[in-house]
Amino acid sequence: MTNTTLSEIMKAVRIHAYGAADTITYEDAPIPTPAAGQVLVCVAYAGINPVDTKITSGDLKEMREMMPITFPYTLGFDLAGTVEAVGADVTDFATGQAVYGEGLGSYAQYALAPVTTLSAQPKTLSAAEAASVPLGAMTAWQGLFDHGGLQAGQTVLIHGASGGVGMFAVQFARWKGARVLATASGEGVAFVQSLGADSVIDYKTTRFEDEFKEVDVVLDLVGGDTQARSFGVLKRGGILVSALQPPSPDEARAHGVRVAVFMMQATSALLQQIGDLIDAGKIKTVVTQTIPLSEATQPRQHVAHILGKTVLQVAP
């Protein structure tokens, strides 16, 4: 028996051990209490990201080391909702305020979020749209600008451009004044073109290295063979930036280029900057699928072959 009362219970999507997607459970869990520097958010919508599946499987040793977790573990990072309560010394957020950002276990009716990874929800977005933004947009921004150093007039090649990170990367690069090349497949080609890419090829029918040359920055959101082949399209002195796996330093030296691999670091300042661009009509998000929280037990099904972003509806 525990002392937890009914009013302290919420629904959450959790894992109790590493394993396949069928180990994910939709169950009762205690509502967390915000500590100093934290906000308790009543979650309206949560964004689904491929990293959730990686955490669930625990297949990658690197992932376990970079993101150690304790069980039971509530999945999810992206969220949009309203402030339910604040921890000690929190003055930037007030109860009832609409917010979005990166939380700790957003696949739940309530989630904690550090004040450093939270911002006011963009005024022009619904909660569902806002939940689709944080991880994807911040990853795209940091990959292109903080690590890739992309400047106006340069050429960037974005792999996986129709997904939750790629769709923002295309728009950010276009906004910056870069020439935007991209790879996608099927209906994703037209989707990426609609976002403002200058040239998009279907990687299933055309080899990108036969079409693209002298690229300043490659943003790799695919990895594997696509990453390895990308060295050949870079101009000398260019850079290959990966959000997935470290590019080969030997290949980099052989081609006279630079490489970088990174993990997104969420900040309130960047969320605010991105929100301002959205409210100004410079950037948009695209939600293509909405799924009830109770059906989120197999997120792998929801991120594969989806254009734009999928979100979970948490609040009724």
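Can you pull out the residues in segment 198-209 that are within 19 Å of V257 (Cα to Cα) and either surrounded by fewer than 21 Cβ atoms within 10 Å (Cβ to Cβ) or free of Cβ contacts under 8 Å to residues at least 12 places away in the same chain (or both)? Correct list: E209 only.
For segment 152-161, does any single residue satisfy the condition of being crowded, with 24+ Cβ neighbours inside 10 Å and closer than 22 Å to F77 by Cα? Yes, that holds for at least one residue. Sub-9 Å Cβ pairs linking a first residue in segment 236-257 that is modelled with pLDDT of 95 or more and surrounded by fewer than 16 Cβ atoms within 10 Å (Cβ to Cβ) to a second residue that is assigned to a helix (DSSP H, G or I) and not hydroxyl-bearing (S, T, Y), at least 6 apart or interchain, are R236/H255; S248/Q227; S248/A228; S248/F231; S248/A254; A254/F231, ordered by first then second residue. Could you tell me whether any residue of segment 229-240 is over 19 Å from L157 (Cβ atoms) and either over 19 Å from the mean Cα position of the chain (by Cα) or not in a strand (DSSP E or B) (or both)? Within segment 229-240, not a single residue is over 19 Å from L157 (Cβ atoms) and either over 19 Å from the mean Cα position of the chain (by Cα) or not in a strand (DSSP E or B) (or both).
Restricting attention to segment 211-228 and to residues that are under 17 Å from G256 (Cα atoms) and either assigned to a helix (DSSP H, G or I) or not assigned by TED's automatic domain parsing to the domain that holds Q142 (or both), the residue that is nearest to the chain's Cα centre (by Cα) turns out to be Q227. For segment 172-197, taking the residues that are assigned to a loop (DSSP other than H, G, I, E, B) and touching a residue at least 24 places away in the same chain (Cβ under 8 Å), the one that is nearest to A137 (Cα to Cα) is identified as L195.
Only one residue in G148, G143, G96, G101 is crowded, with 23+ Cβ neighbours inside 10 Å and outside the structural domain of V222 (by TED's automatic domain parsing). Which one?
Numbers: G148 fails: outside the structural domain of V222 (by TED's automatic domain parsing); G143 fails: outside the structural domain of V222 (by TED's automatic domain parsing); G96 fails: crowded, with 23+ Cβ neighbours inside 10 Å.
After applying the criteria, what remains is G101.
The values are calculated or read from the model by the stated rules, or taken from the named source; none is laboratory data. In this text, all values refer to a predicted model and were calculated from it rather than measured experimentally. Note that we place each Cβ from the backbone using ideal geometry, even for glycine, and neighbour counts take in every protein chain shown.
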